[in-house]
Amino acid sequence: MARFIARRLVQAVLVILAATFLIFLATFALGDPFASSGEKAVPPDIAEANREKFGLDKPLPVQYLLYVGNMLRGDFGIDFDQHRPVSQLLEAAVPNTVRLAIVAIIIDVLIGVIAGVIAAVKRYSFWDVLVTVIATLAIGIPVFVIGVVLVANVSGWGPFPSVPRSFTVQVPWYQEVLLPAFTLAIIDAAFIARLMRGSMLEVLRADYIRTARAKGLSERRVIGKHAMRNSMIPVVTYVGVSLGVLFGGAIITETIFQYNGVGYLLSRAIVNSNAPIIIAVVVFSVVAYVLISMIVDILYAFLDPRIRLG
Amino acid sequence: MTTPTSAGPPADADATGSALLLPGPDAAASGTTVPLGARGSGQFADIRRRFVRNRLAMVGLAIVTVLIVLAIIGPYVTPYNAFEQNLANTLQPPSADHWFGTDVLGRDLFSGIIYGCRLAILVGLLTVAFSLLIGLSLGAVAGFKGGAWDAVIARFIDIFLAFPPLVGAIVIVRAVGGGVTPVIVALVALGWMTTARLTRGQVLALREAEYVEAARSIGADNRRIVMRHVLPNAIAPVLVYAFTNIGVVIVAMASLSYLGIGVPPDVPEWGRLISQATPFLRVEGKSHLWLAPALAIAITTLGFAFVADGMRDSLDPKLRGGN
């Protein structure tokens, strides 16, 4: 087990280093932010001073090393626009994103598992067809279409804050999080329902289920304990990947609902080409994604010995 | 009634598929003759029959066919130039003149949606074709050669998979520059890994097959073995995945344009149209602005998803959960 964890850890670190370097290269290729253009003339001495201030005068590999060194100390630089420390912006945004991710995951696991189990147990019934059709539709419809429909029809109604947001009204976080979490949960719940239905159908044919029934256990116990536990593995994997993506910021959903998480931070930074914020958020997303998939893999190996030996 | 429509379109879909791929379904049929000689072409007839019987898949096929036709003939049938702005005639509700109304720049929304369809189909097909090419090649090399090749390719796959997809695309598009081509480059760069993994797994399993040994014993070289014997037998699940991916790619492009990345602002791309409609989301009587592009995207992705599901179920009925 220790060897498995060590190997997975080294792998994660290498992937993070490679990915951050790619991000860094890609952003460097964006061009010189202090160059004169048609819209603005930058006096050469000021441009030079700014390049020096932001470290853009150093060779590329040095810039990368400096950047990684700074990141490890929690310093993501200051943004080009208003000269705020990027780490503060991240600190403000990350808790919102984490809340959104957790609420979304709870909603989608609840809906997905229940719907999947019902569909599998009552196979070919009305409920099965309903679950399958809704799941297919939900998976096919892009998240921002769902988001836009909800903003147009539901926001500003009942407990849901209106979009665009008014700056004068403070809304508690649990009201703020509802609609975006629900939007994110719809598609994931559909995937989970499908996975759960498929794996449940497989498990229900297994010998140990027949044994459990044969020894006279109640149907409730057979389904709830024996069948459900054994059909959760693909769901757990899916939730792991999904959590990784969500912790990195749901860019589209957060932007549609103007929800102050890292995704919305990123989309605003994109609009005004604010490179330090873009790099910081992208690095954050990648690191969150890689670390969470690593943790899920390790948990998984813990649960299923075949994986760590293989 | 379904038979004539169904006989044509699947052949079309196959033709587009095989044009992008080296061996194609015909080769697949001949490739399977050695181990599955008894079933041969009958296997394909079975697959087609299962597909045709799947109502949802046929609906999807109808949608996809209409979309492809629209994409081809689009510019010749649209009532207006999709780019032409008329600032004296903005935000009009749907009417006989403008079926879907006009947008914030006074452009005819119906023509814009048709243009967007052309763009979506073009980008979807090109991206998936290039991803297939890269994924199949790297996957086949990794699976067939093994050793250092496999290890290096696996690391590359890991690195590219480490990017949350949309985040990665944003980084790449911004690095390559604005426009449609950078969007395709970004989506290909982030779209080949699963194909490569799938192909690798398939090739790895088939490498030891008896007919591969037989081919080698009569002196076929690696290239011929991979192209004629291994890939044709490995390709079915890879093609299904690729088809599933067309919808994903179309949504990804729309998401990027929604965020203001890639496709230039004056192009009536679906995601862009939705983002331009955002200020009017809660305005009475302006819902056509977002409804038209939102429906267009939803119908398109659903169409491709239905066909992909049908393909998967008819290729391998077991995946459905058995009978």
Quiz item: For the stretch A:239-293, which residues satisfy the criterion of being touching a Gly at 6+ places or on another chain (Cβ under 9 Å), more than 10 Å from chain B (Cβ to nearest Cβ), over 21 Å from A:Phe76 (Cα atoms) and not hydrophobic (A, V, I, L, M, F, W, C)?
Solution: A:Thr253, A:Glu254
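Residues being touching a Gly at 6+ places or on another chain (Cβ under 9 Å) and of a type outside the set (D, E, K, R): count how many of those fall in the stretch A:120-134. I'd like the intermediate steps shown before the answer.
To start, the set of residues in the stretch A:120-134 that are touching a Gly at 6+ places or on another chain (Cβ under 9 Å) comprises A:120, A:123, A:131.
If we keep only those that are of a type outside the set (D, E, K, R) too, we end up with A:120, A:131.
Count: 2.
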Self-check item: Filtered residue count, the stretch A:167-193, keeping only those that are of a type outside the set (A, V, I, L, M, F, W, C) and at pLDDT below 90
Solution: 6
Practice problem: Answer with yes or no whether A:Ile111 is within 16 Å of the chain's Cα centre (by Cα), in a helix (DSSP H, G or I) and away from chain B (no Cβ under 14 Å). | Solution: no
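Table: residues versus (1) buried (at least 20 other Cβ atoms within 10 Å of the Cβ); (2) of a type in the set (A, V, I, L, M, F, W, C); (3) in a loop (DSSP other than H, G, I, E, B).
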{"position": "B:Tyr211", "(1), (2), (3)": "no, no, no"}
{"position": "B:Met227", "(1), (2), (3)": "no, yes, no"}
{"position": "B:Val238", "(1), (2), (3)": "yes, yes, no"}
{"position": "B:Asn245", "(1), (2), (3)": "yes, no, no"}
{"position": "B:Ile261", "(1), (2), (3)": "yes, yes, yes"}
{"position": "B:Arg272", "(1), (2), (3)": "yes, no, no"}
{"position": "B:Pro279", "(1), (2), (3)": "no, no, no"}
{"position": "B:Phe306", "(1), (2), (3)": "yes, yes, no"}
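Hey, can you tell me all the residues within the stretch B:260-274 that are within 9 Å of another protein chain (Cβ to nearest Cβ) and within 18 Å of A:Leu150 (Cα to Cα)? Before you say what the answer is, go through the steps one by one.
In the first step, residues of the stretch B:260-274 are kept if they are within 9 Å of another protein chain (Cβ to nearest Cβ); the result is B:260-261, B:271, B:274.
Of everything in the stretch B:260-274, those that are within 9 Å of another protein chain (Cβ to nearest Cβ) and within 18 Å of A:Leu150 (Cα to Cα) turn out to be B:Gly271, B:Ile274.
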Quiz prompt | Given (1) in contact (Cβ under 8 Å) with a residue 60 or more places away in the chain; (2) surrounded by fewer than 18 Cβ atoms within 10 Å (Cβ to Cβ); (3) hydrophobic (A, V, I, L, M, F, W, C); (4) within 14 Å of chain B (Cβ to nearest Cβ), index of the condition A:Ala92 fails | solution = (4)
Quiz item: Only one of these conditions is not met by A:Met1: (1) modelled with pLDDT of 80 or more; (2) under 30 Å from A:Phe302 (Cβ atoms). Which number is it?
Solution: (1)
Quiz item: Which one of A:Val222, A:Val169, A:Val149 is aliphatic (A, V, I, L, M), assigned to a loop (DSSP other than H, G, I, E, B) and free of Cβ contacts under 8 Å to residues at least 40 places away in the same chain?
Solution: A:Val169
Quiz item: Regarding B:Leu61, is this residue modelled with pLDDT of 90 or more, closer than 30 Å to B:Arg207 by Cα and part of a helix (DSSP H, G or I)?
Solution: no
Quiz item: Limited to the stretch B:100-145, what total is found for residues that are within 17 Å of B:Ser275 (Cα to Cα) and of a type in the set (Val, Ile, Thr)?
Solution: 3
Quiz item: Is one or more of the residues making up the stretch B:214-224 in a helix (DSSP H, G or I), more than 14 Å from every other protein chain (Cβ to nearest Cβ) and of a type in the set (Asp, Glu)?
Solution: no
Quiz prompt | Residue ID - farthest from the chain's Cα centre (by Cα), chosen from residues in the stretch A:218-266 that are under 30 Å from A:Arg165 (Cα atoms) and surrounded by fewer than 21 Cβ atoms within 10 Å (Cβ to Cβ) | solution = A:Gln258
Exercise. Scan the helices (runs of 4 or more DSSP H) fully inside the stretch A:243-310 and keep the ones with 1 or more residues being in contact with a Lys or Arg (Cβ under 6 Å, 6 or more places away or on another chain).
Key: A:275-303
Practice problem: Confirm whether B:Ser314 is more than 24 Å from the chain's Cα centre (by Cα), more than 11 Å from chain A (Cβ to nearest Cβ), surrounded by fewer than 22 Cβ atoms within 10 Å (Cβ to Cβ) and polar (S, T, N, Q). | Solution: no
Quiz item: Which condition breaks for B:Asp266 when tested against (1) in a helix (DSSP H, G or I); (2) more than 27 Å from B:Ala151 (Cβ to Cβ)?
Solution: (1)
Quiz item: Is it fair to say A:Leu195 is within 12 Å of chain B (Cβ to nearest Cβ) and in contact with a Phe, Trp or Tyr (Cβ under 8 Å, 6 or more places away or on another chain)?
Solution: yes
Self-check item: Given (1) modelled with pLDDT under 85; (2) of a type outside the set (A, V, I, L, M); (3) under 30 Å from A:Val171 (Cβ atoms), number of the condition A:Thr255 does not satisfy
Solution: (1)
Quiz prompt | For B:Gly247: the one exception among (1) without any contact (Cβ under 8 Å) to a residue 60 or more places away in the chain; (2) under 26 Å from B:Thr127 (Cβ atoms); (3) at the interface with chain A (Cβ under 10 Å from one of its Cβ atoms) | solution = (1)
Quiz item: Of all residues in the stretch A:60-101, how many are outside any helix (DSSP H, G or I) and under 12 Å from A:Ile277 (Cα atoms)?
Solution: 11
Quiz item: Hey, B:Thr199 hits all of (1) in contact (Cβ under 8 Å) with a residue 24 or more places away in the chain; (2) within 20 Å of the chain's Cα centre (by Cα); (3) within 14 Å of chain A (Cβ to nearest Cβ) but one; which does it fall short on?
Solution: (3)
Quiz prompt | Filtered residues of the stretch A:119-135 (kept if in contact with a helix residue (DSSP H, G or I) (Cβ under 8 Å, 6 or more places away or on another chain) and aromatic (Phe, Trp, Tyr)) | solution = A:Trp127
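Being surrounded by 13 or more Cβ atoms within 10 Å (Cβ to Cβ), part of a helix (DSSP H, G or I), within 11 Å of chain B (Cβ to nearest Cβ) and at pLDDT below 70 narrows it down to one residue among A:Thr20, A:Thr27; which is it?
Details: A:Thr20 fails: at pLDDT below 70.
Checking each option against the conditions leaves just A:Thr27.
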Practice problem: Please list, ordered by first then second residue, the pairs with beta carbon atoms under 7 Å, 6 or more apart or interchain, first in the stretch A:244-272 and among the hydroxyl-bearing types (Ser, Thr, Tyr), second outside any helix (DSSP H, G or I). | Solution: A:Thr255/B:Leu259; A:Tyr264/A:Gln258; A:Ser267/B:Leu259
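Sort out which residues of the stretch A:115-159 are away from chain B (no Cβ under 12 Å) and within 27 Å of the chain's Cα centre (by Cα), and write them in order of number. Give the derivation first.
Within the stretch A:115-159, the subset away from chain B (no Cβ under 12 Å) is A:115, A:117-118, A:121-122, A:125-127, A:130-131, A:134, A:158-159.
Passing the criteria: A:Ala115, A:Val117, A:Val131, A:Ile134, A:Pro159.
The values are calculated or read from the model by the stated rules, or taken from the named source; none is laboratory data. As the structure is a prediction and not an experimental result, all values here were calculated from the model. Glycine gets a Cβ as well: all are built from the backbone with ideal geometry, and neighbour counts include every protein chain shown.
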